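The values are calculated or read from the model by the stated rules, or taken from the named source; none is laboratory data. Only a predicted model underlies this, so the values are computations on that prediction, with no experimental measurement involved. Positions of Cβ are backbone-derived with ideal geometry, glycine not excepted, and every protein chain shown enters the neighbour counts. These area figures cover heavy atoms from the full protein model, side chains too; ligands, DNA and RNA do not enter into them. Shrake-Rupley method; radii C 1.70, N 1.55, O 1.52, S 1.80 Å.
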Amino acid sequence: MSDTTYDTAAGAARLAAELADVPSEPGAAKPDPILVSDRMVRRFGGLTAVEVDHLEVQRGSITALIGPNGAGKTTFFNCLTGFGDPDEGEWTFDGTRLTTAPAHKFPQAGMVRTFQLTKALSKLTVIENMKLAAPDQRGENFFRALVPGIWRRQEREVEERADQLLERFKMDHMRNEFAGTLSGGQRKLLEMARALMCEPRMIMLDEPMAGVNPALTQSLLEHIKEMRADGATVLFIEHDMDVVSSISDWVVVMAEGRIIAESPPEEVGQNQAVVDAYLGAHHDAPLTIEEEEAELEEADELLEEIEEAREEEQGR
Amino acid sequence: MDLRSVLDNSFSAAVGVDAVIYALAAIGLNLQFGYTGLLNFGQVGFAAVGAYGIAVSVTYFGWSLWVGLGVGLAASVVLALLLGLPTLRLRADYLAIVTIAASEIIRLVARSVTFNDYTGGSAGLSAYADSFYDLNPYSGARYSFGPVQLSGNDLWMVTVGWGVVLALTLMLWVLMRSPWGRVLKAIREDEDAVRSLGKNAYWYKMQSLIIGGMMGAVAGFAFAIAKTSVQPDNYSTDFTFFAYAALILGGAATTWGPVVGSIIFWFLLAFTDSLLRQLVSNDKLPEAIISGTQVGQVRFMLVGIGLVLLMVFRPQGIFGNKRELALDE
């Protein structure tokens with residue numbers, strides 16, 4: 001573990017204060033947005049998968065993007081990170097217009113993403129995976145690559161930073177293993193650590209906790225909070241409401257390609273549009289425990305009414 | 001039966017000009033296919049462009065051979081750009097289709113009547129390599145190195161040829177240990193991951209195609225100068241596949257794979273050829289099974305069986321790392 005200790009609780013409190021005056025409504029303006037997206041549309045043939053009017057992401061926040069299956073979260077996410085090829089839309093990241101930029105320009109501008117299905121580079125070792133991601137390497141130019149003296153020093157610095165990150169993610173013992181030999185959870189860790197090698201100001205995580213055991217989920221959550229403590233902005237897609245409410249400062253809910261709600265995590269469960277979207281998709285899987293209780297109460301009331309009506313009938 | 005001469009022939013082939021030519025072509029393929037994962041099935045097209053680059057420059061334009069080398073290299077860069085620009089954004093198989101088609105187009109254009117004045121049609125061109133052999137320091141008629149016999153000119157060609165092979169191998173060795181090489185290897189594994197980390201995968205693939213193609217052109221130089229004539233039909237698709245066979249035999253994505261692969265490939269071809277001929281001429285093999293004229297084809301069958309067995313028992317090639325191969329799942 002690195003000796004840096006992070007005051008992650010303070011980060012949450014600071015963001016709660018910053019976002020206190022933001023209204024809980026889709027497309028709400030934030031006091032200091034780092035990412036602003038306008039009129040994003042992505043169609044597949046006749047199907048409009050994404051149609052998002054406006055979204056702002058507060059600088060330094062952990063923002064969760066949730067929604068039922070098929071809501072268009074990943075498609076929207078891909079569009080924001082240069083992998084989606086949207087039909088319409090304008091979006092800027094920290095003042096840089098990224099609308100027409102190819103995918104590799106995004107990390108250069110300071111925004112890096114991970115993938116739901118991890119993309120560890122199997123036949124490269126863990127440390128090579130890490131070093132690959134470092135920006136502005138002199139030895140990445142063909143002619144300079146021919147003269148090792150030009151890039152060797154920078155390579156050592158990159159390696160040092162990579163080793164520090166591996167230590168922080170408790171991956172240092174796997175340093176020289178091929179990434180292809182890692183387990184699913186280790187790949188998630190590697191991908192997250194590798195993304196940080198890009199020195200990003202914003203990190204986009206596509207379902208970072210999917211298919212990961214509960215213990216590792218906790219450590220991934222800690223790493224995400226550390227990213228915020230380091231001053232980075234995090235936007236992540238997630239299914240598990242417990243996870244979302246435990247770390248996010250702000251929640252954006254998508255359904256049927258649109259953003260239907262935005263709010264602090266504790267308010268999400270009370271939002272009628274969100275409840276409808278989820279219950280419409282999964283009658284049997286309520287959103288939260290409170291939701292479940294409310295649903296049961298409703299059912300109880302209904303039963304009581306029926307009972308009363310029956311009694312009345314019998315009384316006649 | 002003269003087993004001694006069979007071995008002499010085999011060793012001569014193993015260090016001879018053919019091994020040099022295919023080693024050069026295979027080094028280029030190693031960069032493209034082995035390290036970057038690009039399926040260039042038209043390496044012979046680059047070789048043809050190199051060979052005709054010097055032949056046409058000297059015989060038609062009357063320039064010197066050394067200018068011709070520059071022309072050949074420049075032409076291979078242009079060819080790589082032409083093939084890469086439309087296809088490198090697409091899935092890997094499109095490059096394979098386009099390159100194999102382009103290499104055939106180049107051969108057919110070179111042998112067409114229309115360009116007879118430039119390329120000599122199907123007869124090809126000759127008498128352009130004199131300036132190379134003028135520099136030959138070996139004045140003797142015949143040189144012997146153990147079982148290997150070489151004429152003075154061949155020895156000069158082979159010396160320069162293996163020198164270039166060594167230089168290019170060393171260059172690739174340095175490159176593949178650099179951040180540049182790391183990006184190429186990462187592209188082979190997962191292009192999207194590389195893009196998501198801020199590297200312009202398209203441009204790196206283009207560089208790999210260009211540099212591997214220039215190595216193909218150098219193979220064409222060796223081919224044209226060693227044979228002192230270019231004939232279009234020497235530049236058909238089997239050249240590419242022999243080079244691939246050599247590469248995979250030695251081990252793709254290894255430093256010495258393409259070089260040793262080419263040496264062994266030509267050793268085996270010469271060995272089976274000589275052995276079969278000896279057996280046939282000494283009546284060890286009855287005429288009913290195989291005749292002298294069939295030897296040329298049968299040796300390819302035997303070498304083919306050998307390659308199949310290699311893929312079964314040592315799929316990573318001679319130098320490859322089995323552990324690495326197992327990662328493909």
Farthest toward positive dipole pole in the range B:3-325 [+1 Lys/Arg, -1 Asp/Glu at C-beta], among B:Ala270, B:Ala129, B:Leu24: B:Leu24
Minimum 30 Å² accessible area buried by the other protein chains, the range A:144-165 residues, probe 1.4 Å, relative to alone: A:Ala145, A:Leu146, A:Trp151
Inter-chain shielding of B:153-161 (mean C-beta neighbours from other protein chains, 10 Å cut-off): 0
Estimated translational D of chain B in µm²/s (Stokes, Kirkwood radius over Cα pairs; 10 °C; 1.306 mPa s): 77
Interface size A-B, as summed buried accessible area [1.4 Å probe, Å², nearest 100]: 3000
At q = 0.08, 0.10 Å⁻¹, base-10 log of I(q)/I(0) for the protein assembly as shown (Debye sum, equal scatterers on each alpha carbon): -0.72, -0.96
For the range B:60-124 versus the range B:255-329, the gap between their alpha-carbon centres in whole angstrom: 30
Residue-normalised accessible area of chain B, given per residue in Å² at a 1.4 Å probe: 42
Ranking by accessible area, most exposed first, for A:Glu301, B:Glu189 with a 1.4 Å probe: A:Glu301, B:Glu189
Those residues of the range B:201-246 for which accessible area with every protein chain present is at least 20 Å² below the isolated value (1.4 Å probe): B:Tyr204, B:Ile211
Carbon + sulfur, % of accessible area of chain A - ligands and nucleic acids excluded, 1.4 Å: 48
For chain A, accessible area per residue (1.4 Å probe, heavy atoms of protein chains only), Å²: 47
Peptide ranges B:233-242, B:128-137, B:68-77, B:190-199 listed from the most packed, as the mean C-beta count within 10 angstrom indicates: B:190-199, B:68-77, B:233-242, B:128-137
Ranked order, A:His223, A:His239 - accessible area, probe 1.4 Å, largest first: A:His239, A:His223
Rg/Rg_globular for the range A:137-206, with Rg_globular taken as 2.2 N^0.38 Å and Rg from C-alpha atoms: 1.27
Shielding of A:117-127 by partner chains, average beta-carbon count, 10 Å: 4
The range B:3-325 - charge dipole about Cα centre, Lys and Arg +1 at Cβ, Asp and Glu -1, debye rounded to 20: 800
Solvent-accessible area of B:Thr254 with every protein chain in place, 1.4 Å probe, in Å² to the nearest 10: 20
Cleavage-rule hits, GluC sites (Glu not before Pro), the range A:101-197, DSSP coil, Cβ neighbours within 10 Å at most 16: A:Glu177
Rounded to the nearest 10 Å², the accessible area of B:Trp66 at probe 1.4 Å: 120
Within the accessible area of the range B:102-253 (1.4 Å probe), percent carbon and sulfur: 59
P(r) histogram, all alpha-carbon pairs of chain A included - 10 Å bins from 0, percent: 6, 24, 31, 22, 10, 4, 2, 1, 0, 0, 0
Candidates per trypsin sites (Lys or Arg not before Pro) in the range B:78-153, loop by DSSP, up to 16 other Cβ within 10 Å: B:Arg89, B:Arg91
Reciprocal of mean inverse Cα separation for the range A:116-155 (Kirkwood radius, Å): 11.5
Sparse-neighbour loop sites [trypsin sites (Lys or Arg not before Pro); the range B:229-299; at most 16 other C-beta within 10 Å; DSSP]: B:Lys284
Nearest-20 debye value, the protein assembly as shown charge dipole, Cβ charges on Lys, Arg, Asp, Glu: 5780
Sequence of A:Glu267, A:Glu297, A:Glu291 from largest to smallest accessible area, 1.4 Å probe: A:Glu297, A:Glu267, A:Glu291
Buried on assembly, the range B:291-329 (at least 10 Å² less accessible surface than by itself, 1.4 Å probe): B:Arg323, B:Glu324, B:Leu327, B:Asp328, B:Glu329
